[in-house]
Amino acid sequence: MQSQDSTADGAQADDAAGTADTGGAVVHLNDVRFGYTATPVVEDISFSIDAGEYVAVVGPNGSGKSTLMQLLLGLLEPDSGTARLFGEPATAFDDGTRIGYVAQQASASKDMPITVREVVKMGRFPHVGFGRLSEGDWRAVDQALETVGMTAFADRRITQLSGGQRQRAFIARALAGEAELLVLDEPTVGVDTESVDAFYDLLASLNAGGITVLLIEHDLGAVTEHAQRVICLNREVYFDGPTDEFTDSEALARAFGAGMTTGAD
Amino acid sequence: MTVDILAVLTVLAGMLPADVASSVVLAEASPAAAPLAVGGAVSDALLVVLEAWYWLLRQLYGVTGFDVINPDYTFMYRALLVGLCIGVIAPLIGTFLVHRQLALIGDALAHTAFAGVAVGLFLNGVFEFGISPYLTAVVVAIIAALLIELISEVTDAYNDVSMAIVLSTGFALGTVLISLNAGGLAVGINQYLFGNLSTVSAENAIIMLVLFGIIVGVVGLTRNQLLYVTFDETAAEVAGLPVDWYNRLMVMLTALVVVGAMQIMGVILVAAMLVVPVAGATQVSRSFSESLLVAIVLAELAVLLGIGLAYYGGATAGGVIVLVAVGIYVCTVVVGKVQTAMETERTPDVDTITSD
């Protein structure tokens with residue numbers, strides 16, 4: 001684990017040459033500021049995430065969590081500061097095989113006829129380019145379906161699944177792509193409680209297997225129960241450290257307002 | 001003619017992502033002298049295809065005796081060929097559009113393609129160029145497609161206002177140009193507005209074959225990427241796909257389909273073929289690949305039945321095809337409801353799953 005203080009000083013200068021030493025960090029943000037208008041949505045953001053960590057970014061609604069996620073994935077360019085993925089500038093990073101992304105819900109129309117297997121197959125697309133899936137690719141798809149316990153549902157239309165099952169399918173897509181970093185944006189919104197628990201168990205076991213997990217969450221209870229490290233955000237970073245320290249810290253009240261508890265106890 | 005077709009190829013390929021373009025169209029066409037030769041060869045080869053098609057239908061007439069394929073009416077042979085091509089390319093592209101909630105983009109592009117037709121007629125009338133209005137329609141529709149895409153990129157969303165503006169501008173431009181040009185009026189604008197089986201010339205049939213080849217080839221090559229971008233644009237971007245380029249590709253292919261299908265369907269009704277068979281397939285298909293196949297089958301059914309009914313009933317083919325397609329759609333809605341009811345009975349406990 002790496003705290004905010006230990007991020008590399010002077011990384012900005014190095015970034016200009018594209019050779020910054022980010023110490024093998026999977027994600028590295030240095031003094032990032034971004035706003036859609038003149039008012040920044042996020043500012044003074046600096047942290048690193050090392051391989052194998054299980055990190056949760058939490059914050060109230062409108063705190064800039066989703067913007068931060070887009071910045072660190074290279075979907076947005078910082079107004080100032082630098083964002084790096086696997087040591088490369090995030091906006092230039094194009095090795096889609098290393099990142100798995102699970103959104104709150106897919107942006108496609110809800111009645112699109114597509115099976116779970118077809119969704120999971122997409123995880124192999126960055127590997128095959130314009131070609132066809134090989135036997136090895138299909139094995140990876142089957143393996144991913146098995147890992148998330150969705151083999152029996154492989155030929156179901158994805159719209160027929162419950163919210164929890166659908167999110168498992170999206171995780172399987174990331175696994176099929178052999179992602180090293182799994183980024184999840186409030187993945188359990190609209191998912192029933194029982195499925196949520198099973199979902200977090202799955203994330204924990206994937207993390208134990210070596211996959212770096214970055215969870216963007218509004219649900220503090222889920223975060224404090226499962227993540228090893230919490231980054232608390234409300235435009236800027238209020239807290240960055242081990243989860244158990246977060247629950248006792250003043251950052252919680254400062255970021256979310258007085259009287260807020262994690263609900264984990 | 002050959003040069004014109006090649007110009008279309010060049011325009012399209014020049015706007016594709018570099019990696020796609022290099023492997024699709026222009027691989028052989030880069031040396032300066034080569035385009036003419038390649039264009040001529042392509043045109044000759046397609047004429048052979050057309051002759052083979054005539055021969056096939058003459059044999060079929062010998063067996064079946066259907067009057068619709070009477071050898072005295074070879075214009076019907078060409079109309080059927082163009083119709084069959086529409087039955088493949090319209091639902092092929094329409095499937096990606098419908099699932100991105102872009103069903104109306106076809107309509108917008110068809111109306112701007114009308115402006116392209118008017119430009120062609122205008123140029124022919126004033127400068128005696130002798131260019132096919134369908135080719136100017138391709139160029140104008142592609143420009144309009146890119147304009148819509150550009151607006152969507154700048155505003156970060158496809159919006160119906162921008163589409164309505166492009167649609168109206170295109171149609172207004174078309175009517176103004178045609179009214180300015182007496183020669184254009186003399187040609188008979190109805191064939192472009194409503195489509196016409198009897199005006200499908202050999203040249204137009206060849207244009208359609210070229211468009212068919214480009215569309216099927218490009219979709220075949222980029223099917224994975226188009227599916228990913230259609231289903232989950234953000235995840236596709238995270239996966240390293242140049243999403244903007246694929247969106248541009250998609251709207252350009254739509255422009256090509258619209259112009260190709262306009263010959264029979266007409267400007268007013270062409271968008272229906274992008275949407276209605278796909279909507280029907282969505283009702284009864286379980287997987288994406290199945291829905292593509294079903295949409296093509298439904299579209300072909302509508303085209304063949306529609307052309308047949310139009311021929312024997314003396315009605316406008318475009319209108320009849322769309323009515324048949326809508327009739328088929330209603331049937332698929334019923335079948336889909338029955339399917340869903342049966343599946344629900346079979347799988348009462350679909351929500352239960354345990355973690356390994």
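Might you let me know whether the stretch A:122-143 holds any residue that is out of contact with any Lys or Arg (no Cβ under 7 Å at 6 or more places or on another chain) and under 15 Å from A:L233 (Cβ atoms)? Checked the stretch A:122-143: no residue is out of contact with any Lys or Arg (no Cβ under 7 Å at 6 or more places or on another chain) and under 15 Å from A:L233 (Cβ atoms). Please tell me if A:E194 is among the acidic types (D, E), more than 11 Å from chain B (Cβ to nearest Cβ) and surrounded by fewer than 19 Cβ atoms within 10 Å (Cβ to Cβ). No. Of the helices (runs of 4 or more DSSP H) lying entirely inside the stretch B:171-254, those carrying at least 1 residues that are within 14 Å of chain A (Cβ to nearest Cβ) and out of contact with any helix residue (DSSP H, G or I) (no Cβ under 9 Å at 6 or more places or on another chain) are B:202-231.
If you go through the stretch B:114-155 and keep only what is touching an Asp or Glu at 6+ places or on another chain (Cβ under 9 Å) and farther than 13 Å from B:V166 by Cβ, you end up with B:I131, B:S132, B:Y134, B:L135, B:E153. Could you please tell me which pairs satisfy a Cβ distance under 7 Å, a separation of 6+ or placement on different chains, a first residue in the stretch B:288-300 that is within 11 Å of chain A (Cβ to nearest Cβ) and without any contact (Cβ under 8 Å) to a residue 24 or more places away in the chain, and a second residue that is open to solvent by 40 Å² or more (accessible area, probe 1.4 Å) and outside any helix (DSSP H, G or I)? Pairs found: none.
Looking at B:G83, is it part of a helix (DSSP H, G or I), on the phi < 0 side of the Ramachandran plot and within 14 Å of another protein chain (Cβ to nearest Cβ)? No.
Filtered by the rule that a residue be open to solvent by 30 Å² or more (accessible area, probe 1.4 Å) and closer than 16 Å to B:A272 by Cβ, the stretch B:310-323 gives B:A315, B:T316, B:L323.
Yes/no per residue for (1) touching a helix residue (DSSP H, G or I) at 6+ places or on another chain (Cβ under 6 Å); (2) charged (D, E, K, R):
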{"position": "A:P113", "(1), (2)": "yes, no"}
{"position": "A:M122", "(1), (2)": "yes, no"}
{"position": "A:P126", "(1), (2)": "yes, no"}
{"position": "A:G131", "(1), (2)": "no, no"}
{"position": "A:G136", "(1), (2)": "no, no"}
{"position": "A:D142", "(1), (2)": "no, yes"}
{"position": "A:V148", "(1), (2)": "yes, no"}
{"position": "A:A154", "(1), (2)": "yes, no"}
{"position": "A:D185", "(1), (2)": "yes, yes"}
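The listed residues are A:T159, A:T151, A:T147, A:T188, and the only one of them that is open to solvent by 10 Å² or more (accessible area, probe 1.4 Å), among the hydroxyl-bearing types (S, T, Y) and within 8 Å of chain B (Cβ to nearest Cβ) turns out to be A:T147.
Only residues that are out of contact with any helix residue (DSSP H, G or I) (no Cβ under 7 Å at 6 or more places or on another chain) and closer than 30 Å to B:E290 by Cα: list them for the stretch B:41-97, please. Residue satisfying the conditions is B:L56 alone. Filtered by the rule that a residue be within 18 Å of the chain's Cα centre (by Cα), facing chain B (nearest Cβ under 8 Å) and among the small types (G, A, S), the stretch A:162-185 gives A:G164, A:G177. Name every residue in the stretch A:137-149 that is aliphatic (A, V, I, L, M) and either in a strand (DSSP E or B) or at pLDDT 90 or above (or both), in order of residue number. Correct list: A:A140, A:V141, A:A144, A:L145. The set of residues from the stretch B:255-281 being open to solvent by 10 Å² or more (accessible area, probe 1.4 Å) and within 14 Å of another protein chain (Cβ to nearest Cβ) comprises B:V275, B:A279. Taking the stretch B:92-124, which residues are of a type in the set (A, V, I, L, M), open to solvent by less than 10 Å² (accessible area, probe 1.4 Å) and within 13 Å of another protein chain (Cβ to nearest Cβ)? Result: B:L97, B:L102.
Can you find a residue that is modelled with pLDDT of 90 or more and assigned to a helix (DSSP H, G or I) anywhere in the stretch B:129-136? Taking every residue of the stretch B:129-136 in turn, at least one turns out to be modelled with pLDDT of 90 or more and assigned to a helix (DSSP H, G or I).
Would you be able to tell me the number of residues in the stretch B:77-94 that are over 11 Å from B:L197 (Cβ atoms) and either over 11 Å from the mean Cα position of the chain (by Cα) or aliphatic (A, V, I, L, M) (or both)? Residues that pass the stated criteria total 8. Please indicate, with yes or no, whether at least one residue in the stretch B:221-228 is buried (at least 23 other Cβ atoms within 10 Å of the Cβ) and either in contact with a strand residue (DSSP E or B) (Cβ under 6 Å, 6 or more places away or on another chain) or among the aromatic types (F, W, Y) (or both). Yes: the stretch B:221-228 contains one or more residues that are buried (at least 23 other Cβ atoms within 10 Å of the Cβ) and either in contact with a strand residue (DSSP E or B) (Cβ under 6 Å, 6 or more places away or on another chain) or among the aromatic types (F, W, Y) (or both). Selection of the stretch B:49-73 for residues being open to solvent by 50 Å² or more (accessible area, probe 1.4 Å) and within 17 Å of B:N204 (Cβ to Cβ) yields B:V49, B:E51, B:Y73. Against the test of being in a helix (DSSP H, G or I) and modelled with pLDDT of 90 or more, the options B:V140, B:V161, B:V126 yield a single qualifying residue, B:V140.
The values are calculated or read from the model by the stated rules, or taken from the named source; none is laboratory data. What you are looking at is a predicted structure, and each value in this text was computed from that prediction instead of being measured. In this analysis, Cβ positions are derived from the backbone assuming ideal geometry, glycine residues included, and neighbour counts consider all displayed protein chains. Calculation scope for accessible area: heavy atoms of the full protein, side chains included, ligands and nucleic acids excluded. Shrake-Rupley method; radii C 1.70, N 1.55, O 1.52, S 1.80 Å.
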